[in-house]
Each structure stands twice: as structure tokens, then as C-alpha cells.
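Here's the structure, in C-alpha cells; my notes come after.
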Amino acid sequence: MAWDFSTEPDFAAKLDWAREFVRTEIYPLETLDLDHHQFRRLAAPLQEQVKEQQLWAAHLDPALGGQGYGQLHLGLLHEILGTTELAPYVFGCQAPDSGNAELLALAGTEEQKQQWMHPLLDGRLLSAFSMTEQGTGSDPRQFTSNARLVDGEWVLNGRKWFVGNAGRADFHIVMAVTEPDAPPHQRMSMLIVPRSTPGIGIRELGLMNDTDGRHPVWSHCEVTYDDVRVPAENLLGERGQAFTLAQKRLGPGRIHHCMRWVGVCRRAFDMLCERAVSIDVHGSLLSEKQTVQNWVADSKAAIEAARLLTLQAAWKIDQVGASAARTEIAMIKYHGATVLHDVIDRAIQVHGSLGFSTDMPLEQMYRWARAARIYDGPDEVHRVTVARRVLRDYTPRAVPTEHVPTRRAEALARFRDHLEVAVAAQ
Ligand SMILES: Cc1cc2nc3c(=O)[nH]c(=O)nc-3n(C[C@H](O)[C@H](O)[C@H](O)COP(=O)(O)OP(=O)(O)OC[C@H]3O[C@@H](n4cnc5c(N)ncnc54)[C@H](O)[C@@H]3O)c2cc1C
């Protein structure tokens with residue numbers, strides 16, 4: 001019997017350490033309004049402590065400098081790290097660098113790993129994943145940014161949108177059309193493009209949760225590539241393989257997002273409950289009002305369900321790989337994003353105007369949570385994926401399988417003899 005929801009004592013101890021460390025060492029940094037450089041300075045000694053605990057870059061195999069814990073264990077760790085936007089950076093597993101390191105591990109040559117992956121894992125470099133083009137992010141088959149091989153160099157042209165950390169990164173991994181005549185999913189390749197290459201234009205974007213681009217961990221940019229030249233050996237993986245590689249990169253990455261959302265939910269839920277037992281209005285505590293009790297009960301159930309769904313998807317990736325777990329990954333992406341929104345929303349409501357103010361972290365959580373329904377593919381696309389895959393197991397029938405008159409006729413034909421004997425015996 002293999003159903004077991006417990007965590008091995010050794011790993012549980014690591015999670016306990018991480019929980020305490022995040023709460024006592026990282027939460028206080030949230031209140032200091034740090035810019036990117038100030039945050040990196042303050043994070044450096046904390047990163048050393050994480051390394052000593054063997055929790056650094058936990059997303060990669062030991063051969064690649066990571067810890068090789070597998071997605072399920074990673075999920076449990078991300079639940080703790082997700083409680084604050086600052087923690088993943090301190091633990092060396094922040095997006096987009098974690099996914100890019102996985103990509104380099106998966107498809108990089110030895111030289112590419114030496115030059116880009118190892119320094120990325122050590123936290124000496126930052127990276128960006130340059131894929132989306134405005135208005136077509138949900139349908140990468142429409143991307144037009146392209147690269148041509150000219151005299152041993154890739155010449156890259158195009159415009160990318162919402163590229164995380166493009167301005168701060170040391171290199172971009174860019175998806176570009178290199179095989180225009182191939183079938184849609186085999187047209188693009190990935191290129192490693194150093195940020196310092198001439199021809200790269202960057203425009204920092206204002207975001208709903210970061211209108212002035214001062215977020216300590218991320219910035220998001222529109223990027224233009226105008227005749228940007230990189231050597232032929234900067235191709236990552238095979239020509240035409242970008243789509244397949246992107247799927248491999250985004251699968252486990254989505255699980256990490258979802259588990260971080262569970263962490264955010266828990267933090268918001270704690271605030272909701274604390275406030276509910278603290279405020280007395282119209283003759284009783286908020287926690288004694290049935291509406292608030294419903295919010296507590298519904299939030300608790302929704303968080304636990306999202307957590308189990310996420311862990312089950314992580315477990316399936318560990319067992320059979322990300323491709324075979326596509327339905328589970330897509331399902332938790334839209335389900336988790338909705339739970340995240342609803343729990344924070346209720347926590348704000350319980351706090352009233354205090355929840356709407358910047359005196360509480362809830363308003364910032366709420367604005368950031370809105371993005372969860374869009375990044376890594378909008379909810380609608382993941383719903384389509386799930387529905388399509390689920391519906392594949394069904395065949396059309398003129399008469400429904402469960403049609404009672406038809407089933408009754410079949411049952412009568414099958415049991416007629418027994419029924420006649422029973423009637424005769426009465
Ligand atoms: C915070 C954040 C960080 C990001 N980081 C990066 C990054 O680092 N690198 C990068 O390359 N990109 C990044 N992105 C971009 C992200 O991948 C895209 O926003 C996402 O894939 C959706 O693409 P789009 O925004 O172009 O939406 P569009 O493709 O323009 O879609 C718009 C809307 O159309 C609807 N829609 C689309 N398809 C369907 C469908 N099949 N059925 C029904 N409705 C549909 C949805 O409501 C969708 O929201 C980031 C985005 C956000 C918000």
C-alpha cells in the first residue's frame with residue numbers, strides 16, 4: 001500500500017529550518033523598500049546560510065550543482081519560499097533563472113554549461129527568458145522574431161514582450177524562428193544572447209504590482225533585437241527544437257509557481273483568521289459571524305485541495321515525466337490561480353480599509369496574484385488543454401451510455417430467465 005502523505009524526518013527537518021529562516025531573516029527585508037542592488041547585497045550572506053543547509057538551487061540534480069530532491073520535495077520547499085517574493089532568490093531558485101538553468105542542463109553543450117549554467121547556479125549571473133511577443137503569447141506558432149545564419153553567426157531580429165529581468169540579466173535565452181518552412185512546432189530555435197551584444201534595446205515596463213519598476217527581484221521589459229549577432233555555437237539544443245524545450249522548461253516551473261501560491265494563500269489565510277478573532281463589531285467577533293466562518297472554512301478547504309492537487313502533479317512528474325503529467329500541470333495552474341485570488345480577496349475584505357491600505361501586505365499580494373492567471377499561459381489556454389485531453393477518452397454515441405430505457409431493455413434480455421423463475425415462484 002503506497003498511499004502516504006508524510007514527509008521523511010530528514011527532509012521535514014530541512015523544511016522546519018527553511019520555515020523559520022524565511023520568517024525571521026527574509027520577512028523583515030520586505031518592509032525596507034529595497035531596490036534591486038540593496039536587496040542583492042543584503043541577500044548575499046543569507047544565501048551562504050542556505051548553501052550550508054544544502055537547500056541552494058534545489059531544483060537541479062547533484063551532478064549539476066543542485067540537490068536532486070525531485071519535484072515533490074521541491075514542491076514542499078516552494079510552499080515555504082512562496083510566502084514572500086524575496087525568498088526564492090535567497091534560495092537560488094527564482095524564476096526565470098531556475099528554469100533557464102534547467103534548460104541549459106537539459107540541452108546545453110559542455111561549453112555552454114561552463115560559461116552560463118554554472119555561474120547562473122552559483123548566483124554570479126542573472127538570466128532572462130525571451131519568448132513572448134505581444135498579443136500572441138498564448139499561441140507561439142505566431143511568433144515572428146527570427147534569426148538567420150550568416151557567415152557563422154546568427155543574426156537576430158524581432159521584438160519580445162514582458163521579458164522578466166531582461167535589463168538586469170547577463171544573458172537572454174531567445175526563441176526565434178530559424179526554420180520558416182518547417183511545421184509550426186518545429187520553426188523556432190533557442191539562442192543564448194549575451195546582454196552586452198550590440199543591437200539590444202530595452203524598455204522597462206510598469207506593472208500593476210510595480211508601477212515604477214523598483215521591484216527588488218524582478219523587472220519586466222519590452223526588448224528589441226536589431227541585427228543582433230551571436231556565434232553559431234550559441235544555439236541551445238537542436239535547430240527547430242525550441243517549442244519542445246520550452247514545454248519541458250515550463251512544466252515543472254508551473255508546479256513551483258503553484259506551490260508558491262499555496263504558501264501565499266497560507267500567509268493571507270493566517271492574516272484573515274487573526275483579524276477575524278480580533279475584531280468585535282455589531283455585538284460579536286467577526287469570527288462569530290457566519291459569513292466570515294464560511295470564508296474561513298471555504299478558504300481552508302480550497303487551500304488544502306490546491307496543495308494536494310499540486311503535490312499530486314509533482315509526484316506524477318517524478319514518476320513519469322512532465323509530458324505525461326500535462327493534464328495535472330494545466331489543471332493546477334488555473335485552479336491554483338483562482339484559489340490564490342479568492343483567499344487574498346477574502347483576507348482583504350475581513351480587514352476592511354486596513355486590508356486595502358499599504359499598512360498590510362495584502363494589497364501587494366492581491367495585485368501580484370492577478371498576474372498568476374496570465375503568466376506561464378493564461379487560464380483559458382490551460383482549461384482548453386485539460387478539456388481536450390479529458391475529452392479524448394470519450395466517444396460520441398447517438399444514445400447515451402447511461403440511457404435508462406436502453407439499459408433496462410439490455411438488463412431485461414440478460415436476466416429474463418431469472419425474472420420469469422422469480423415471478424413463477426411468487
Ligand atoms: C508577471 C509576468 C511575467 C512574465 N514573464 C515572462 C518572461 O519572463 N518571458 C516571456 O517570454 N514572457 C513572460 N510573460 C508573458 C506571458 O508568458 C504571457 O503574458 C502569456 O503567455 C500570455 O500571452 P499574452 O500576454 O500575449 O496574451 P495573449 O496571447 O494576447 O492572450 C490574451 C487573452 O486572450 C485569451 N485567450 C488566449 N488564448 C485563448 C484560448 N485558446 N481560448 C480562450 N481565450 C484565450 C486569454 O484571456 C488571454 O489572457 C510574463 C507575463 C507576466 C504577466
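The table that follows gives values for the structure above.
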quantity	calculated
Filter result for Val421 (in contact with a Ser or Thr (Cβ under 8 Å, 6 or more places away or on another chain), over 30 Å from Met131 (Cβ atoms) and surrounded by fewer than 12 Cβ atoms within 10 Å (Cβ to Cβ))	no
Pair list, Cβ < 8 Å and 6+ apart or interchain, from region 215-230 residues that are within 17 Å of Pro198 (Cα to Cα) and within 11 Å of the ligand (Cβ to nearest atom) to residues that are hydroxyl-bearing (Ser, Thr, Tyr) and modelled with pLDDT of 95 or more	Val223/Ser130
Failed condition for Tyr69, given (1) surrounded by fewer than 24 Cβ atoms within 10 Å (Cβ to Cβ); (2) on the phi < 0 side of the Ramachandran plot; (3) within 16 Å of the ligand (Cβ to nearest atom); (4) of a type outside the set (A, V, I, L, M)	(3)
Filtered residue count, region 1-20, keeping only those that are of a type in the set (A, V, I, L, M, F, W, C) and touching a residue at least 60 places away in the same chain (Cβ under 8 Å)	3
Number of positions in region 356-403 that are more than 16 Å from the ligand (Cβ to nearest atom), of a type outside the set (A, V, I, L, M) and surrounded by 11 or more Cβ atoms within 10 Å (Cβ to Cβ)	6
Sole residue being assigned by TED's automatic domain parsing to the domain that holds Arg267, part of a helix (DSSP H, G or I) and within 16 Å of the ligand (Cβ to nearest atom), chosen from Ala314, Ala347, Ala330	Ala330
Leading residue by the ranking (surrounded by the fewest Cβ atoms within 10 Å (Cβ to Cβ)) among those in region 157-183 that are within 25 Å of the chain's Cα centre (by Cα), more than 30 Å from Glu363 (Cα to Cα) and not basic (Lys, Arg)	Asp170
Criterion: closer than 16 Å to Pro252 by Cβ and modelled with pLDDT under 90 - qualifying residue of Leu76, Leu64	Leu64
Any hit, region 206-214, residues being of a type outside the set (S, T, N, Q), within 12 Å of the ligand (Cβ to nearest atom) and within 23 Å of Arg124 (Cβ to Cβ)	no
Pairs where the first residue, in region 352-376, is within 12 Å of Thr338 (Cα to Cα) and the second is part of a helix (DSSP H, G or I) and within 11 Å of the ligand (Cβ to nearest atom), C-beta under 6 Å, 6+ apart	Arg373/Asp379
Subset of region 23-61 (residues that are of a type in the set (A, V, I, L, M) and farther than 23 Å from Ile255 by Cβ)	Leu29, Leu32, Leu34, Leu42, Ala43, Ala44, Leu46
Verdict on Arg203 being more than 14 Å from the ligand (Cβ to nearest atom) and either closer than 23 Å to Gly377 by Cβ or surrounded by 16 or more Cβ atoms within 10 Å (Cβ to Cβ) (or both)	no
Flag if Val163 is within 24 Å of Met117 (Cβ to Cβ) and near the ligand (Cβ under 10 Å from one of its atoms)	yes
Residue among Gly263, Gly240, Gly336 that alone is in contact with a helix residue (DSSP H, G or I) (Cβ under 7 Å, 6 or more places away or on another chain) and in a loop (DSSP other than H, G, I, E, B)	Gly240
Residue in region 78-88 that is touching an Asp or Glu at 6+ places or on another chain (Cβ under 9 Å), in contact (Cβ under 8 Å) with a residue 12 or more places away in the chain, more than 15 Å from the ligand (Cβ to nearest atom) and not assigned by TED's automatic domain parsing to the domain that holds Ser219 present	yes
Within region 54-66, considering residues that are touching a Gly at 6+ places or on another chain (Cβ under 7 Å) and in a loop (DSSP other than H, G, I, E, B), the one nearest to the ligand (Cβ to nearest atom)	His59
Test set (1) surrounded by 13 or more Cβ atoms within 10 Å (Cβ to Cβ); (2) under 19 Å from Val228 (Cα atoms) - Leu120 fails condition number	(2)
Residue in region 94-102 that is away from the ligand (no atom under 15 Å from the Cβ) and either assigned by TED's automatic domain parsing to the domain that holds Ala57 or over 26 Å from Ala371 (Cα atoms) (or both) present	no
Any chance Met131 is of a type in the set (A, V, I, L, M), away from the ligand (no atom under 16 Å from the Cβ) and under 16 Å from Leu245 (Cβ atoms)	no
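The values are calculated or read from the model by the stated rules, or taken from the named source; none is laboratory data. In this text, all values refer to a predicted model and were calculated from it rather than measured experimentally. Heads up, the Cβs are rebuilt from the backbone with ideal geometry, glycines too, and the neighbour counts pull from every protein chain shown.
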